[in-house]
1. Any idea which of (1) hydrophobic (A, V, I, L, M, F, W, C); (2) in contact with a Cys (Cβ under 7 Å, 6 or more places away or on another chain); (3) surrounded by 18 or more Cβ atoms within 10 Å (Cβ to Cβ) is the one Trp47 doesn't satisfy?
2. Look through Glu65, Glu89 and report the one residue that is of a type outside the set (Gly, Ala, Ser), buried (at least 17 other Cβ atoms within 10 Å of the Cβ), at pLDDT below 95 and over 10 Å from the mean Cα position of the chain (by Cα).
3. For residues that are basic (Lys, Arg) and in contact with a helix residue (DSSP H, G or I) (Cβ under 6 Å, 6 or more places away or on another chain), scanning just region 1-36, find the one that is farthest from Lys85 (Cα to Cα).
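The values are calculated or read from the model by the stated rules, or taken from the named source; none is laboratory data. All values reported here derive from a predicted model rather than from experimental measurement. Every residue, glycine as well, gets a Cβ built from its backbone with ideal geometry; the counts of neighbours run over all protein chains shown.
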Amino acid sequence: MCFDCWRDQYNSSYIINDKTKKAVKLIKEVYKYHGAGGSLHIVLDDWNLEDSNVDFCGKVISSNEYDDPPELLDAELKCYEVLKKMSIEERASALAIERGYGGGGT
């Protein structure tokens, strides 16, 4: 998501807490193994942050539909587990922080 869309759609959400800090590290770990976000692509790259999309990614990860290598699968699963426990605003914040968008609204 571009900076302007983050600002407009998520009101520049920039929550820094234990969950967002952990999510940033895990998002980076997923990208280390897959440049397009792997099985979390629709959440990490497309910013489809609703619970239904996170749940969908969890099902894809659980089924290992794309036969991901063990390192990627482990990174995806850990990232999914953290994202699942976050609010939409926290998810948007973690992605913004990971992309270096800088502090803003919330």
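1. (2)
2. Glu89
3. Lys22
Table: residues versus (1) within 13 Å of Ile16 (Cα to Cα); (2) of a type in the set (Lys, Arg); (3) free of Cβ contacts under 8 Å to residues at least 60 places away in the same chain.
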{"position": "Lys59", "(1), (2), (3)": "no, yes, yes"}
{"position": "Leu72", "(1), (2), (3)": "no, no, yes"}
{"position": "Leu77", "(1), (2), (3)": "no, no, yes"}
{"position": "Tyr80", "(1), (2), (3)": "no, no, yes"}
{"position": "Met86", "(1), (2), (3)": "yes, no, no"}
{"position": "Ile97", "(1), (2), (3)": "yes, no, no"}
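The rows are residues; the columns are (1) loosely packed, with under 14 Cβ neighbours inside 10 Å; (2) not in a helix (DSSP H, G or I).
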site: Cys5; (1), (2): yes, no
site: Ser12; (1), (2): no, yes
site: Ile16; (1), (2): no, yes
site: Val24; (1), (2): no, no
site: Lys32; (1), (2): yes, no
site: Ser52; (1), (2): yes, no
site: Cys57; (1), (2): no, no
site: Ala75; (1), (2): no, no
site: Ser93; (1), (2): no, no
